[in-house]
Amino acid sequence: MNLAYRDLRHNLGRFLLTCFGLSLLLGVVLSMIGIYRGLVEDALTLVRSPAVDVWVVESGTRGPFAESSRIPGDTREAIARLQGVIAAGSVNYQSVETLHQGAKRRLYVVGYEPGRPGGPDRVVSGRTIGRSHYEMVADRRAGFAVGDRVPLGRNTFTVVGLTDGQVASGGDPAIFITLLDSQELQFELAPPAARREIARGNSGGTTDTVNAVIARVSPNASPESVTLAAQRWKHLAAMTQAEQEIVLTQSVVERARKQIGLFTAILLVVSAVIIALILYTMTMDKIREIATLKLIGAPDRTIIGLIMQQALAMGMIGFGFGALLITAVKDFFPRRVVLQPEDGLALAAAVLLVCILSSGLGVRLALKVDPATALGG
């Protein structure tokens with residue numbers, strides 16, 4: 001006879017309601033892990049999209065995603081001539097805001113040279129950029145459709161294609177325009193400021209500046225050798241693709257990782273306290289039954305098994321409901337939520353451990369019950 005099963009069936013409604021409340025809490029824990037994974041994926045999306053091996057940036061900086069970087073536009077020709085480089089392209093990155101259909105949109109602009117590395121890795125609708133000016137490929141999250149006209153700066157761009165999953169580390173959807181357009185957008189002055197600069201005899205300086213030069217390396221050459229060659233120019237710094245990803249994960253999302261990790265640990269502690277209090281209350285409700293079991297000679301392991309089985313059932317059912325809930329609603333979150341099987345298994349193991357530890361309070365109470373309580377009035 002399974003005493004835990006019979007006891008839970010006797011109070012099935014209350015037990016399932018308790019499991020549902022616990023599932024909401026465990027669902028939040030799982031969603032926090034998924035949000036962190038999503039932050040990492042978003043941070044690495046644009047750096048992985050060009051499928052390059054080397055990033056060349058301004059000396060003393062760690063790349064365009066971590067801090068400001070500006071280098072001359074003709075750097076690309078110098079990098080393209082390095083031994084082992086098979087393709088090179090210049091790129092610009094900047095955040096902008098615009099109005100579309102009466103709503104404010106915050107976008108992350110990627111300027112690249114069509115036909116060279118730096119553009120979207122795939123276009124799911126429409127086509128790639130075919131003109132040198134005023135065309136864009138936008139991520140679906142921007143809410144644009146092919147054919148829409150979007151104002152950027154003092155110019156209006158036509159959406160000619162859509163991509164998917166291209167977002168900045170802050171979650172802003174990416175749009176891709178030509179390098180020339182991005183330079184004009186980045187360095188253009190408002191008309192009053194432009195007239196003031198002309199009156200001073202200053203045309204505003206050169207706009208042939210880029211944030212980074214990216215390069216693909218031949219399979220017969222190593223990215224490390226190319227970075228060493230690029231670093232011979234004192235005004236340049238270079239890093240491999242792996243080093244650029246490390247910079248992003250350690251600088252851009254490091255604080256978010258610590259904060260989400262701390263919040264997740266707090267939620268697990270809260271879950272343990274809640275499970276312990278629930279089991280203590282359930283044990284209090286069964287004082288007379290436990291005393292009767294002791295009176296008829298039931299060993300302590302039978303009583304301990306009763307409480308621990310209930311704790312494990314509560315944890316696993318709560319975890320299962322929570323996982324199903326988050327899986328069903330994760331696509332409605334404003335930021336990407338990435339649920340990985342190994343994270344789910346790790347959380348399930350943690351829940352099992354929490355349930356075992358939390359059952360100690362109920363076990364302690366059950367073992368102190370006097371068998372004579374069963375004979376009381």
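For this structure, a couple of remarks:
- In this entry, VAL96 passes the filter for residues that are assigned to a strand (DSSP E or B), among the hydrophobic types (A, V, I, L, M, F, W, C) and under 25 Å from the mean Cα position of the chain (by Cα).
- ILE246 vs. criteria open to solvent by 70 Å² or more (accessible area, probe 1.4 Å), β-branched (Val, Ile, Thr), over 30 Å from PHE15 (Cβ atoms) and under 32 Å from the mean Cα position of the chain (by Cα): yes
- Segment 305-323: number of residues that are open to solvent by 60 Å² or more (accessible area, probe 1.4 Å), in contact (Cβ under 8 Å) with a residue 60 or more places away in the chain and not polar (S, T, N, Q): 1
- Filter pass, LEU39 being closer than 30 Å to MET308 by Cα, of a type outside the set (Asp, Glu) and in contact (Cβ under 8 Å) with a residue 12 or more places away in the chain: no
- Checking ARG301, ARG216, ARG257 one by one, the residue that is in contact with an Asp or Glu (Cβ under 9 Å, 6 or more places away or on another chain) and open to solvent by 20 Å² or more (accessible area, probe 1.4 Å) is ARG216 and no other.
- Flag for ILE86 being open to solvent by 30 Å² or more (accessible area, probe 1.4 Å) and either among the acidic types (Asp, Glu) or over 30 Å from the mean Cα position of the chain (by Cα) (or both): yes
- Odd one out for MET284, checked against (1) under 30 Å from ALA168 (Cα atoms); (2) open to solvent by 80 Å² or more (accessible area, probe 1.4 Å); (3) in contact (Cβ under 8 Å) with a residue 40 or more places away in the chain; (4) in a helix (DSSP H, G or I): (1)
- Scanning segment 324-338 for residues that are buried (at least 16 other Cβ atoms within 10 Å of the Cβ) and more than 16 Å from the chain's Cα centre (by Cα) yields one hit, LEU325.
- The C-beta contact set for segment 105-118 (first residue within 14 Å of THR163 (Cβ to Cβ), second residue in a loop (DSSP other than H, G, I, E, B) and small (Gly, Ala, Ser), distance under 6 angstrom, 6+ apart or interchain) comprises TYR108/ALA168; TYR112/GLY118; TYR112/GLY119.
- Yes/no for ARG76 being in a helix (DSSP H, G or I), open to solvent by 30 Å² or more (accessible area, probe 1.4 Å) and touching a residue at least 60 places away in the same chain (Cβ under 8 Å): yes
- Scanning segment 96-150 for residues that are more than 29 Å from PHE333 (Cα to Cα) and exposed (fewer than 15 other Cβ atoms within 10 Å of the Cβ) yields a count of 5.
- Within segment 123-140, residues that are in a helix (DSSP H, G or I) sit with their Cβ atoms under 9 Å from residues that are of a type in the set (Val, Ile, Thr), at 6+ positions apart or across chains, in these pairs: ARG140/VAL124; ARG140/THR163.
- Whichever residue in segment 339-377 is modelled with pLDDT under 80 and assigned to a loop (DSSP other than H, G, I, E, B) and, among such residues, is surrounded by the most Cβ atoms within 10 Å (Cβ to Cβ): VAL369
- Residues being part of a loop (DSSP other than H, G, I, E, B), open to solvent by less than 40 Å² (accessible area, probe 1.4 Å) and farther than 11 Å from GLU245 by Cβ - total across segment 39-65: 5
The values are calculated or read from the model by the stated rules, or taken from the named source; none is laboratory data. Everything numeric in this text was worked out from a predicted model, so none of it was measured. Counting neighbours? That spans all protein chains shown, and the Cβs are built from the backbone with ideal geometry, glycine included. Heads up: the accessible areas ignore ligands, DNA and RNA and are worked out on the full protein's heavy atoms, side chains in. Shrake-Rupley method; radii C 1.70, N 1.55, O 1.52, S 1.80 Å.
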